[in-house]
Every structure is written in C-alpha cells, then in structure tokens.
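A short worksheet on the structure shown next.
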Amino acid sequence: MTLSQGIFALCLAIGAAFFSYNAQRLVRYLRIAGGSAGSRLNDIPRRLWNLLTIGFAQTKILRDPVAGPLHAMVFWGFLVLQVGAIEILVQGVVRGFSYGNFVPAPVHWVFLLSQELTAGAVLVAVGALLYRRIVVRPKRLQGDRVHSGDAILILAMIAALMITLMLVSATHRVINSEHPVAVQPVSSPIAAMIMALGTPPNVVEAILATSWWTHALLILVFLNYLPYSKHLHVIVSLPNTFLSNTSGPGRVGVMPLMDLEAETEHFGAADVDHLTWKNLLDGYTCTECGRCTSVCPANITGKALSPRKIVINTRERTMELAPHLVSGAAPNGDLREHRLLDQFITEDELWACTSCRACVYECPVSIDQLEVINELRRYLVLSESRFPEEVQPAFEALERNGAPWAFPPSSRADWAAGLDIPTMAELSERGESPEVLYWVGCMGSFDERAKKTTVAFARILKAAGVRFAILGQEESCNGDPARRMGNEYLYQMLAKQNIETLDRYKVKAIITNCPHCFHQIGNEYESLGGHYEVVHHSTYIAALLQEGRIPLRETAGAAQRIVYHDACYLGRYNGIYDAPRDVIRQALPVLDVVEAKRSKDRSLCCGAGGGRMWMEERTGKRINVERKEELAATGADTVAVACPFCMTMLGDAGKGTEGYVPVVDVAELVASRLKA
Amino acid sequence: MPNVLTYAEVRAGDLRKISLEAVSTARALADAYGGEVHVVLSGGPGVGSHAGTLGEHGADAVFVTEHEALAQYNPEALSALVAGRARNGYSAVLVGASARGRDLAPRVAAKLGAAILSDVTSLRREGDALVATHPVYTGKVLATLRLTSGDAAAVVSLRPGAFSATQAPRTARVEAAPPAGDPSAVRVQVKETTTADSRKLDLAEAPVIVSGGRGLKAAQNFKLVEDLAAAFGNAAVGATRAVTDDGWRPHSDQIGQTGRQVSPELYVAVGISGAIQHIAGMRASRCIVAINKDAEAPIFKVADYGIVGDVFEVVPALTAAIRELRARS
C-alpha cells in the first residue's frame, strides 16, 4: 500500500466513523419523543408507492414548474452519480480500480456516458439554482430566518464536485484516451482544450491528482456536513417519505385519537418531547423550501402563521433540548421553560391555522406540519385552557346544545316542515329502515342560507325517489369544530354520542352535504368504533344524474359562467374534485365551467376551517375576501360551492359592493332545474 | 327573625333604581313576616341624604355609614359592613344582582356561612321557607328554588328590572353606623373607575338595541342607526361583524356569536342579512324587527316584524314616527 493509499484509507475511516457517530446521535434524539406515532411499517406496498412517486419520481417537487425540474435534475443526478462516487472512493484504496475491469466495454461506456451527461446537467441545474437564490430571490425562499447561506454553500459544494469529477475524467483522457469521444461528451472537449494548450504531462498529472483528491475528500466532507445543516434533508427525505402517513396508508388528514384516560401530566404537546419521533424526523427532513408557507392561506393574507417555521422550530428546539435529555442529566428550569410552545411558536400562529391541509399536501418530502399545530392547540385548550375568548360560546353551545351555536336541538328539523321527510325515530317505530340517512349538519339545520341548500338537496332526493330519513333532533354536531380547535374532550363526547345514535338505528349508509361532517363521520369516527359508508352529496347527485334518476326540465336556460370553489375537506382531505364539477356540467347544459388561479388540490381555503368560523380575523386581509376576489377574477357570474361553510364565507365576502358575485351550492343548481 | 335587611347601591352619588326595587321587595317580605325593613346605606360623605327616598319606598330604618374609602365600591369593607349588620338577626338580606351586587352577595353569604339565591326574578314567603324563581338556560327554563330556614339570614340577589319599586311612605329612622374596621386599610384598593362612554348605554343592559349591517353601505350612514336609537331614548347601538371588521364601528359594538350576546326587549336590525354568527348573538331578543331590501334575507326568518324596503327610506321615516310618538306621550 502506498502512502497516499494509506492516507486516503485513514480519511475514509475517519469520515465513516464520524458520520456513524452523528447518525447514532440523531437517532437517539428522536427517542426523546414521548408521543405515539403509531405503526409506520404497515401497508408496505402503499409506502413503497409513495417512495416511488413522491420520492423517486419527484411528483410533489415537480408541482413548481421552475424550481421543480431543477431540483429533480440534481436529485436524479445524485442517484446516478452515486455509482461513480463509489468507484472513486474504492479507487482511493485500490489503485487502478475501475468498473471497466469487470464489464465489457460497451456496458462501461454506458456507465461513463451516464456520469458525463448527469454531471453536466447537474452543473447546469446548480448554476440555475444559485442564480435563483442569489439574483432572483423568490419570496418563498425568504423569511422565517431560513439558512440561505447554508443553501448557497451546499450548491457550491455540489458544483465543485461536478467540476472536479469532469477534470478527473478529462485528465485521464489526456493521459490515456481509451474511450470513444461519444461516451465522454463533457470531458472530451475539456481534454482537447488541455491538449491544445500544450499542457506538460507533469502538470496534467498534478491536475488529475488535485482534482481526484478534492473530489474524494469533498464527498466525505459533504457527507459529514449534512448532519449539521438543513441539508440533512439529503439523507432523511426518502426514509421520511416512506414513513409518512400524509399520502396514506390509511385515511389521510385524520387526527390521531387521544387517550383521555391516560395517566399523563400533559394533554397535547407543549414541547418536542411531547411530540412523536415522526414529528422530529419531519424537522430533520425540512430543507426550508417554503412551499408549505407559500400556499398557506393564513400566511398569504398576512397572519403570523408559517408552516415552515413550525417545522424549523421543531428542529431547533429538538437540537436544543435533546442533547440534555439523552445525556441523562435533568435539564435545568430555564431550559425547560424555553419550550416549543410560546418560546418558539406563539398562540397567534397556532390559532391562525384553518387546517386546510395545503401545507401538508404541498410538502415534497411528506412532512406533517398540521399535526404539530393540532397537538399544540390541544395542549393550549386541554392543559392550559388558553384559547381566543370568542371561542368560549362555541365550546359552551357544543356542550349544551350539540351545535356550535346556541340553537335548541328541538328546532333542528324546522327546515323539513311540510316536506314529509321521516325521522329515523318515526321509521324505526314503524319497523322500517331507509335506503340512506341524510345527515344534515348544524349549518344545514340552523343557518338560514344553508337551509336552502338542505331543502334543495332533499327535493332532489325526493325527485329521484330515494328513500331517506333524517335524525331530526337526535342529530348533534359531528365534533369537528371542537376537535380542530384542540378540545378533544368535547370532540369525543359528541362523536361517541353520535355513534351511539347511529348504531342504535343500525345506520350503515349516510349522505351529507357538509364536507366536515363527511370527513368526520366517514374517516375519523373509525377510531372510535363508528364504521359508516358516508357519501358526499356532490358524489351522490353525480351518480343519480349519471343513472338518469333525476328528472330535469328540458329547457336549457341561459348560458352561465360558473367557477367552482373546492372545499378543503372535500378536496385535499378526501380527493373529491371531479364530482362537484360533474354535477354542475350535467345539471346546466349551457354553461362554461371556469377554474380559478388556485383550484383543485391547490385551492385556497375560504377561511372557515380549523374552527376559524368561530374566531375573529383581526390581522391582515380577510381570507374569504382574498379567495372571493380570486374567484371573481375568472369573470364568472356565479360561484358554486359544495360546503355550507364555504358558502357563508364566500357569500359574505364583498357583499354590498358593486359587481358582487353570488354563491350557490351545487345542489341548488340541480334543484333549480327539477321538473315541477 | 322577622326583619329584612337590604343594601342600597349608590353609584356616582346617585341611588340606583335597583336599590328601590330591593327595598320594595324587602317591604313585601317583611310584611309577610310582620317585621321591619332595614337598609345599609354606605358611601362617601353625604350619602345619608338618600335615606328619605328609601323611607318613601318602605324602609323602617336606614343605617348610614359615610367614609371616604366607601365612596367607590370597596368589596372587602362593604361585605364586612353588610355581614356585620346581618348578624343582628334577619330573615333575609336582599341585594340587587347588578354588577356590584353579583360581587357583593356571595361575599356576604360566605362571611355569614349562609345560603344564597342568585339572580332571582320572584321572591315570596311560604311558611318557613323562602321561594324564589331563577331563570336558567338563557330564560328557557325557570327554576323554582325553595330555601328552608337556617340559622343565618338567607342572601338573595334580585335581578334588576324583575321587581317593581313601589311607594310605601314612612319616615325611616336614620342611624349612623360605624364602618367595620378601617375601610381604607383593605387589600384591594380601587384606584380609578373608567367608563367607556357615559352617553352610551351598555349593550347588555339596554332594553332596546338598534343594530346596523353592511346594508348601510358606508360608515357615515350609521348616523341613521344612531338617530333611530336616539329617538327611542333608551336604545343602544350595535353592529354586525362585517361592519366592525370594516372599521365602521368599534369591535366592542359587535353583536354575535363572537361578539356580545344580547337579549333586549326590542331588537331592530337595519340592513342586516342575518348570518348565523349574528343570529346566534341576538336571537334571544324578546321582539325582533328587521329592515332589509332583500325579501329573501335570512334575518326575516327570525324576525317578529319585517319591513322589506330601502333602509335609507324606511329608517328616517321610522325615526320620525318614533320621535312623534314619544313627543306626544
């Protein structure tokens, strides 16, 4: 073994040992988390699929038409260049090692070509990314005290790796041009240039040695720099995507059930050790790209919330607290008081969240920002009883009246007066059971505007000959407002009560026009033992229209331009985008369905979710106004919605102003064309 | 213990109406027991001048305690004073369930170790027992409370406006009574009392509320609502969330689920469409009148009377009509 081989072997060993030390340290930090993340190795096929699509195929990354392809280029380049990196590291110890020694020349040429093309492409992409960071400076890369210098350093390192790699190939080629020019399209011109300059052989040798050493050592430095920067992302993104539940397995957007009987000193989370290891891994994974924050309705309209900051704060606090906890020494009081809640993330940020899930949906590495927000909200409400004062009446009404407003349950079915709609109680007395239960929801029962949607849907059902019933005064709020506002105790009370009612009547099939009821009963009741087939009215009407069961008037009516606004709990939570649009198209033959700037999975929340319906919006622009302006900008005559909360928020925005665009529910569009 | 004790509330030098209601109620109760009505009248120097008015409403004896430190509400000194007097043997201690009385009554009850009936709307003697009505669930249910006699006087707080103040003239004995301890040596010192706007009626107390919504189109048009409220004489001005969000009115004026929840005798909704958030804050009103140009507006569903029309025509006409009516009566 030569001296240089010995030195390199030592470098390699030190690099590997140091990396291994850091890897173990970071894994130990994850163990401070006391919360349960559930099983993350269930449904392996689904997880592999996520890894393949979101991870390797970069589907989420590519949603950004500029930065997306550039990042994907660097990422795919990394994968391809790993093969070459291994060769180089081995070369350091085994002189003359080359894949060419083991495979036939054509195969080796394919390898060479792949490395050449990739290195060239990565270099171009890195150049573009550096230009973007330094010159263009897009808004989403600013704010939240992001580590921009760190990003530039890592891009520079990648560029240096590519340049040295090409210099190694080029000088090799000068010394011994054994490969065809075609398989070394990048390094062969460089080699030609070196030769044209008449570079003496000893200088060529020196360039080769310097480039090789720089490249090989940079690989080791790069590897060991990662654990100390936001670029830990490079190592943990793929595992995080595999371990995440944000795109399944299981039902997405479901809040974990809290064990209210647990012997614990805290409900919810006030600090990182109350969270789950997965939340902390999310912190490691974030590379501060800001896609989450750029789509956050609260952030867009000037509120304090930034989902990216939530994740960065989680990582910062983990790095601050975990070393003390894993060392076994009890952290002193000051360190304990410097907790995640209040010291890093304020109440204002937490209460600004509409739970719209845009951040979670957008994240290219499947981070769950919302889970941290929800857990901190739970702590505020359940452990410290801290929430905006205007929420108190809603909590009280939910508890006493089973609705977020203090309306008497006895008036729940007032909308059905004279419509001859049976209640479950009446049917069960006669020994009958309906085809489906129509779950009306609180808005549909008490809000005068929403009641019109309720009546419209009931008329459609009757016209289609659907045998349905309602619960009437036995219905209660599904609990979503309480749960999203952190009041899990109240939520479970309401949910259990509803499950009891539904099970008493042996209800299996439910239809509802409220996406919040739809998501709760269909997805979240499962963990409390409630299993129901819940269908949203948009899907149900679409199917009835498809089957020709709804008798519509032949008259075409006037041509209309309609823009449909996607509800978060229908779209991003449940993937229902087409059904409401189908309903609009089938119901009104002469119309133009247009799309807003942000639509479908990119839709902007109306501002009512996450309990925001019952809170004041004192800071920045009102979310509903922002959204309404965007919808009105399409030139539509009418805004169509499929959620009573969207209806009230968007209906309210711009009211009384010139050119006000009215808002209707998709059911109302269909009902307006019913025969007789 | 046939005698009944009451506390006369004086604020800013004026005897409050609830004090006379309490004395009249005490009179009726004392008559049922065959006893006397005694009143604790305390405040800054000069407060004793109200003794005559109390006598006109049926007080037999007025115990006057004048002290600088009692000029403002002084919970510690006042509860000691009332409790001290109550220990002289009374069947009941009546206090108005005003903001002050709601604070004072439980303090007195605790000091006496006595039972308390809070915020009652009727009170009578039935044999050895006191029977009271207490509205619960925002008045949807009336609870009847029966208090059997105990060793200590029962403390009862009376809902303002639920009892009438009637004349039962007599000349009350006026006795000066020393404060219990030094009223200025208390732990809680009231430094200052600030009132939001003395001209404005508090939304929670106003018998009439005139509220405006975005149908008024601009901040300056709120004058219509203010004029209508002024015409009533006893009306407060409210607003919807949209209006307070737009800065036409202060947030403290907002009526609704996330603002003030009110239940006046009369609620006039001007240019309000009736979002659920607003309805939730005013639907308990006794009588609701809605004025809106859109006949389909949800507010008409909860209104007892509705006027479909342009607020800019209807409201001035209504204001003029009410002014005329009030001028005539």
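The values are calculated or read from the model by the stated rules, or taken from the named source; none is laboratory data. On a predicted model such as this, the values are computed, not experimentally measured, just so you know. With ideal geometry, Cβ positions are generated from the backbone for all residues, glycine too; neighbour counts draw on all protein chains shown. Just the protein is used for accessible areas: all its heavy atoms, side chains included, with ligands, DNA and RNA removed. Shrake-Rupley method; radii C 1.70, N 1.55, O 1.52, S 1.80 Å.
A few remarks follow.
- Using the Cβ-Cβ distance between A:D637 and B:T171 with R0 set to 56 Å, the FRET efficiency works out to roughly 0.10.
- Dipole check for segment A:272-383: with +1 at the C-beta of Lys and Arg, -1 at the C-beta of Asp and Glu, and the Cα centre as origin, the magnitude is about 240 Debye.
- Distance histogram for the protein assembly as shown (every C-alpha pair counted, 10 angstrom bins, percent rounded to whole numbers): 2, 9, 15, 17, 16, 14, 11, 7, 4, 3, 2, 1, 0
- 0 to 90° range, to nearest 10: angle between helix A:201-225 axis and chain A longest Cα axis: 30 degrees
- Bridgeable aspartates and glutamates around B:K191 (alpha carbons under 16 Å apart, same-chain partners fewer than 8 residues away excluded): B:E68, B:E76.
- Inter-label distance, A:E554 to A:R459: 2.2 nm, where each label sits 7 Å from its Cα along the C-beta direction.
- Gap separating the Cα centres of segment B:311-329 and segment B:92-156, nearest whole Å: 42 Å
- Cα gyration tensor shape for segment B:208-328, rounded if a/c is under 1.5, else prolate or oblate: rounded
- Applying a DSSP loop filter and a limit of 15 other Cβ atoms within 10 Å to the trypsin sites (Lys or Arg not before Pro) in segment A:475-545 leaves A:K506, A:K508.
- On segment A:561-671, 49 percent of the accessible area sits on carbon and sulfur atoms, based on a 1.4 Å probe.
- In degrees, nearest ten, helix A:488-504 long axis to first principal axis of chain A (Cα): 60 degrees
- Pairs of Cα atoms in chain B fall into 10 Å distance bins, from 0 up to the last occupied one, in shares of 6, 23, 25, 21, 17, 7, 0 percent.
- To put it simply, the accessible area of segment A:356-466 at a 1.4 Å probe is 44 percent carbon and sulfur.
- Counting only cysteine Cβ atoms and a cutoff under 4.7 Å, chain A contains unmatched residues A:C11, A:C286, A:C289, A:C296, A:C353, A:C363, A:C442, A:C477.
- Longest DSSP-loop-exposure-free segment, chymotrypsin sites (Phe, Trp or Tyr not before Pro), chain A, at most 14 other Cβ within 10 Å: A:103-659
- Burial here means at least 30 square angstrom less accessible surface with every protein chain in place than with the chain by itself, probed at 1.4 Å; in segment A:440-465 the buried residues are A:D447, A:E448, A:K452.
- Dipole axis of chain A (+1 Lys, Arg; -1 Asp, Glu on Cβ), positive-most option in A:F344, A:G656, A:W109: A:W109
- Partner aspartates and glutamates for A:K508 [C-alpha distance under 17 Å; skip if fewer than 8 residues away on the same chain]: A:E432, A:E435, A:E474, A:E475, A:E500, A:E524, A:E526, A:E533
- Considering only A:A464, A:P409, A:G486, and ranking their Cα positions along the charge dipole of segment A:390-490 that arises from unit charges at the beta-carbon of Lys, Arg, Asp and Glu, the one farthest toward the positive end is A:A464.
- Cα gyration tensor, segment A:391-544 - rounded (a/c under 1.5), prolate or oblate: prolate
- What the phi angles of segment A:77-89 give under the Karplus curve with 6.51, -1.76 and 1.60, with θ = phi - 60°, is a coupling list of x, 4, 4, 5, 6, 4, 4, x, 4, 4, 4, 5, 4 Hz, glycine and proline written as x.
- Taken per residue, the accessible surface of segment B:208-328 reaches 42 Å², heavy atoms only and a 1.4 Å probe.
- Pairwise burial B:A, computed as accessible area of each alone minus the pair, summed, 1.4 Å, Å²: 1900 Å²
- Paramagnetic label zone (point 7 Å from Cα along Cα-to-C-beta, A:S177; backbone N under 19 Å) in segment A:65-109: A:109
- Bridgeable lysines around A:K309 (alpha carbons under 22 Å apart, same-chain partners fewer than 8 residues away excluded): A:K60, A:K139, A:K230, A:K278, A:K621.
- For chain B, the longest principal axis of the alpha carbon atoms and the long axis of helix B:311-328 meet at an angle near 40°.
- With the charge dipole of the protein assembly as shown set up from +1 on Lys and Arg Cβ and -1 on Asp and Glu Cβ about the Cα centre, the Cα lying farthest toward the positive end among the listed residues A:S177, B:V82, B:L266 is that of A:S177.
- Span from the segment B:18-91 Cα centroid across to the segment A:237-256 one, whole angstrom: 70 Å
- The region of chain A that goes longest without hitting one of the GluC sites (Glu not before Pro) in a DSSP loop, each with at most 13 other Cβ atoms within 10 Å, is A:1-177.
- Mean residue ellipticity at 222 nm, helices only, chain B: -8500 deg cm²/dmol; runs of at least 4 DSSP H residues each add -39,500 (n - 2.57), and the sum is divided by the number of residues.
- DSSP bridge analysis restricted to chain B gives an antiparallel fraction near 25%, rounded to the nearest 5.
- Dipole magnitude for the protein assembly as shown: about 1280 debye, using +1 per Lys or Arg Cβ and -1 per Asp or Glu Cβ, origin at the Cα centre.
- Ellipticity at 222 nm from helices only: DSSP H runs of n ≥ 4 in chain A, each -39500 (n - 2.57), divided by the residue count, give -15500 deg cm²/dmol.
- Per residue, chain A exposes 40 Å² of accessible surface when a 1.4 Å probe is rolled over the protein heavy atoms with every protein chain present.
- For chain B, size of Cβ-based charge dipole, Lys and Arg +1, Asp and Glu -1, in debye: 340 debye
- Of the trypsin sites (Lys or Arg not before Pro) in segment B:32-123, those whose Cβ has at most 13 other Cβ within 10 Å and which sit in DSSP loop: B:R87
- Shape of segment B:1-153, Cα gyration tensor, a/c cut at 1.5: prolate
- For segment A:640-665, heavy-atom accessible area (probe 1.4 Å) falls by no less than 50 Å² from the chain alone to the full protein assembly at A:K655.
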